[in-house]
Amino acid sequence: MFETKCPRCMDTEIKKFRTYIIKNGQERTIFQCNQCGTNFSETCNTALAGLRSPIPLIVMVLLSITEGTGINAATRIFNVSKNSIYRWQKRLGDLKDTLMLFALAHQFLQQVIEGDELYTKIDKNHPQEQSAGWTIVLMDRASRFIWDMQCGRKNRKMFKKAIGRLSKVLDQTEDLTLLTDGERRYGNFLFEICSEVVKTGKRGRPRKTLPKGVKVRIKNKGSQSHKRGRKRQKYQAPKPEHPETTQDIENKEIHANHLEAFNASLRRRCAAYRRRTNTYAKKENRLQERLDLIWIFHNFSKIHFTTRRVPAVALGIMKQGIQVESLFCIQKIG
Ligand SMILES: [Zn+2]
């Protein structure tokens, strides 16, 4: 699936050329490309290139900091420097784009995507509105595959970016429903980015709708109105939908919320998201690097607690999850 390619001509016709021993005694292979003759190390363009620490140690450290151990605690437990941890985190996290491209090379029949935001402090106590600690999470409900997990300020740009990324998923999906609780901007931007003009043949201004197969539902918060009379509708479709879109999503389906469970697990796993503590992320880029790492482990390596499957496997894009150790051997694209 992630075959070793020649870094020069991208050909996969390669052969073992020789091996070498690195400082800690491990053996590494030099490959030679059959096409262009280039020699390259097996670590070329991988997260491992130039790293001298043993992989088992790196794996252990990265797993602990994505399972709730704070960075300072990790330095003491494993006797490694903060900078090393940050370097490893960044190295492996950089694989995100490659894995995303891989995921987006597939076609999907149906996806129900939940969108939600959660919040952590970054640096000191800024007002929530100005904080860069908001994190948008977009997750496919059935597989628990997370399509997007980006932190930043909760503003127009943030939602627009998230929806921009979602529109790439949409291009690969026949039938996509976006469920959000309360935040209207998802629907607005989705409409802005990908609405289509429906040709009805009638005179007058043509109607714009979401693309065929795309639905947006906003869950009403505090759905139980105490006023007498008619119950409020439990959800809204904020944007006009294509006349040929199948309307088959039910109320109870909309109200099941799987992201809440994920958010709870993120608060447990990433020390920066824990409530009522002084542990908070110091820098936005570091928080994003951690999120990228969690994104990779969650989607590609870890078996989900509820579905008992690795999300990428449940999504149908691979037969089995990728061992964390093997992630280090995947060549980055670009
Ligand atoms: Zn080559």
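Every read-out reported here was derived from the displayed coordinates using simple, explicitly stated rules and does not represent laboratory data. Bear in mind the structure is a predicted one, so any value in this text is a computation, not a measurement. Cβ sites come from the backbone with ideal geometry, for glycine too, and all protein chains shown count toward neighbours.
For the pair Ala105/Glu129, report the inter-label distance in nm, with labels modelled 7 Å from Cα in the Cβ direction.
4.5 nm
Report the FRET efficiency, 1/(1 + (r/R0)^6), for Met60 and Lys168, where r is their Cβ-Cβ distance and R0 is 35 Å, rounded to 0.05.
In this case the efficiency is close to 0.55.
Straight-line reach from Lys154: which aspartates and glutamates have a Cα under 20 Å away, not including same-chain ones fewer than 8 places off?
Glu114, Asp116, Glu117, Asp123, Glu129, Asp181, Glu183, Glu192, Glu260, Glu284, Glu289, Asp292
Using the Cα centre of the chain as origin and beta-carbon charges of +1 (Lys, Arg) and -1 (Asp, Glu), tell me which of Pro311, Phe2, Ile249 is placed farthest towards the positive end of the dipole.
Ile249
Can you spot the aspartates and glutamates whose alpha carbon is less than 19 Å from Lys16's alpha carbon? Ignore those fewer than 8 places along the same chain.
Excluding near neighbours in sequence, the set is Glu3, Glu27, Glu42.
Anyone know which of Pro206, Pro240, Pro56 comes out most mobile in the 10 Å Cα GNM of the chain?
Pro206
About the Cα centre, and with charges only on the beta carbon of Lys, Arg (+1) and Asp, Glu (-1), how big is the dipole of the chain? Nearest 20 debye, please.
That gives the chain a dipole magnitude of about 1420 debye.
Would you calculate a helix-derived [θ] at 222 nm for the chain, using -39,500 (n - 2.57) for each DSSP H run of n ≥ 4 and dividing by the full residue count, to the nearest 500?
-9000 deg cm²/dmol
Report, in whole Å, the centroid distance computed from the Cα atoms of region 30-53 and region 66-117.
Going from one Cα centre to the other spans 23 Å.
Which one, Thr98, Asn83, Phe40, projects farthest toward the positive side of the charge dipole computed for the chain from Cβ point charges (K/R +1, D/E -1)?
Asn83
Hey, got the dipole for region 180-220? About the Cα centre, +1 on K and R Cβ, -1 on D and E Cβ, debye to the nearest 20?
Roughly 340 debye, rounded to the nearest 20.
Sequence-distant or interchain residues sharing an amide H contact under 5 Å with Arg309, placed H: which?
Here the answer is His304, since their amide H atoms fall under 5 Å of that of Arg309.
Bin width 5 Å, origin at 0, all Cα-Cα pairs of region 1-44: what percent of pairs per bin?
Binned Cα distances yield the sequence 6, 25, 31, 19, 11, 7, 1.
HN-Hα J couplings of region 16-31 from phi, Karplus 6.51/-1.76/1.60, θ = phi - 60°, integer Hz, Gly and Pro as x?
Here the 3J(HN,Hα) series is 5, 9, 7, 10, 9, 9, 8, 3, 7, x, 6, 9, 10, 9, 9, 9 Hz.
Report the extension gain between Val197 and Ile21 in nm, rounded to one decimal, defined as 0.36 nm multiplied by the number of residues separating them, less their alpha carbon distance.
57.2 nm
Between Gly93, Gly50, Gly187, which gets the highest mean-square fluctuation from a Gaussian network model of the chain, Cα cutoff 10 Å?
Gly50
Given the convex hull of the Cα atoms of the chain, what is a quarter of its surface area in nm²?
Across all orientations, the chain yields a mean hull projection of 22.3 nm².
Tell me which residues come under 5 Å, amide H to amide H, from Ile330 once H is placed; ignore anything under 5 positions away on its chain.
Those lying under 5 Å, H to H, from Ile330 are Ala47.
With a Förster radius of 41 Å, plug the Cβ-Cβ distance of Ser53 and His242 into 1/(1 + (r/R0)^6) and report the FRET value to the nearest 0.05.
0.15
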